[in-house]
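Structure, as structure tokens:
The values are calculated or read from the model by the stated rules, or taken from the named source; none is laboratory data. The model shown is predicted, which means the values in this text are computed figures rather than measured ones. Cβ sites come from the backbone with ideal geometry, for glycine too, and all protein chains shown count toward neighbours.
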Amino acid sequence: MHNGSVTDGPEKTAPGPYGDPETYGDDVAVVVVTYSPGEDLRRFLDTLDDATDDDVTVVLADNGSVDGAPEKAAEAGHVRLVHTGGNLGYGGGVNAGVAALDDRVGWIVFANPDLEWDPGALDTLRDAARRWPRGGAFGPLIRESDGTVYPSARLLPSLGRGIGHALLGRVWPANPWTRAYRQEHAAPRERTAEWLSGSCQLVRREAFDAVGGFDPRYFMYFEDVDLGDRIGRAGWLNVYVPSAGVMHIGGRSTEQASARMLAAHHASAYRYLADRHRGPAWKPLLALIRLGLAARLRLTTRGS
């Protein structure tokens, strides 16, 4: 795991042999995973038009929408609809969308449809990528609809931080483990992070290929934590670019599924820790973590 440090300025060293830079062109494609996104998708696409001066292809990786919104959006010439064949979750949906891209695309934006782009935000991310030749993923500043800044560039959940945050995050939000993990009091400056929110990232396709994309075992939650960790382990950097901004306006597809979402979150948290602590010596501690997460889930979903 990483040591929790961050870098303040661009790294000038060129990346190592993680992929052939001549494999792909310099085009940008935006991959959006949809699941009955409603009007959110229209706002996403409208604001994306003002986020870049370049022509970008949009791929809608649809996980089984029934509201007709993706089909309507795909009437635009630059929007392509790809049916994933089922609800693959977020990471699986992104992987399906990326698989539909040709080799001219060397840069991938994956984003939730319940976002609105600030003017010029995508071009600002592209500018940052030129400053960080070892950058594999670039994340913007994410604002909530009330204007508060979401802590989208964080440290990895080490065993200590992860347990402390899981057990105390709700009842004592200011506990030191949650504060360290979320990095929410860090000044909004351009810097490296150990992982970036998957709700919006610009990713170098070489880096995405080098780590095999998202791990499809994570149906919901922690797929971005896992990806950021593996990007870092492969020698690339995760870079926070707060000069680029998006606003999270809240989606429709998950608003009625809070109990299911919490269950998925706890399952993914356990998978992430178990993947990184293998072998007989870890089994007793992992068993306790599983029991603790199950108890926490029962408490948080009581009455749902």
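Some points to look at:
- Only residues that are modelled with pLDDT under 80 and surrounded by 15 or more Cβ atoms within 10 Å (Cβ to Cβ) were counted in the range 265-288, giving 5.
- Residues in the range 86-106 include none that are assigned to a strand (DSSP E or B) and either touching a Leu at 6+ places or on another chain (Cβ under 8 Å) or among the aromatic types (Phe, Trp, Tyr) (or both).
- The combined condition, being in a helix (DSSP H, G or I), touching a Phe, Trp or Tyr at 6+ places or on another chain (Cβ under 9 Å) and under 19 Å from Glu223 (Cβ atoms), is not fulfilled by Gly64.
- Apart from one condition, Tyr90 fits all of (1) surrounded by fewer than 18 Cβ atoms within 10 Å (Cβ to Cβ); (2) under 27 Å from Gly245 (Cα atoms); (3) touching a Gly at 6+ places or on another chain (Cβ under 7 Å); (4) not basic (Lys, Arg); the exception is (1).
- Test set (1) in contact with a Ser or Thr (Cβ under 7 Å, 6 or more places away or on another chain); (2) modelled with pLDDT of 95 or more; (3) not in a helix (DSSP H, G or I) - Thr7 fails condition number: (2)
- Each residue in the range 99-144 was checked for being under 16 Å from the mean Cα position of the chain (by Cα) and of a type in the set (Val, Ile, Thr), and 3 pass.
- Qualifying residue in the range 242-260 (condition: within 24 Å of Ile108 (Cβ to Cβ), of a type outside the set (A, V, I, L, M) and in a helix (DSSP H, G or I)): no
- Condition met for Glu75 (surrounded by fewer than 22 Cβ atoms within 10 Å (Cβ to Cβ), over 21 Å from the mean Cα position of the chain (by Cα) and not in a loop (DSSP other than H, G, I, E, B)): no
Every residue, every condition in (1) in contact (Cβ under 8 Å) with a residue 24 or more places away in the chain; (2) of a type in the set (Phe, Trp, Tyr); (3) at negative phi, yes or no:
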{"site": "Asp26", "(1), (2), (3)": "yes, no, yes"}
{"site": "Val30", "(1), (2), (3)": "yes, no, yes"}
{"site": "Leu45", "(1), (2), (3)": "yes, no, yes"}
{"site": "Asp54", "(1), (2), (3)": "yes, no, yes"}
{"site": "Leu60", "(1), (2), (3)": "yes, no, yes"}
{"site": "Ala76", "(1), (2), (3)": "yes, no, yes"}
{"site": "Val94", "(1), (2), (3)": "yes, no, yes"}
{"site": "Asp102", "(1), (2), (3)": "no, no, yes"}
{"site": "Phe110", "(1), (2), (3)": "yes, yes, yes"}
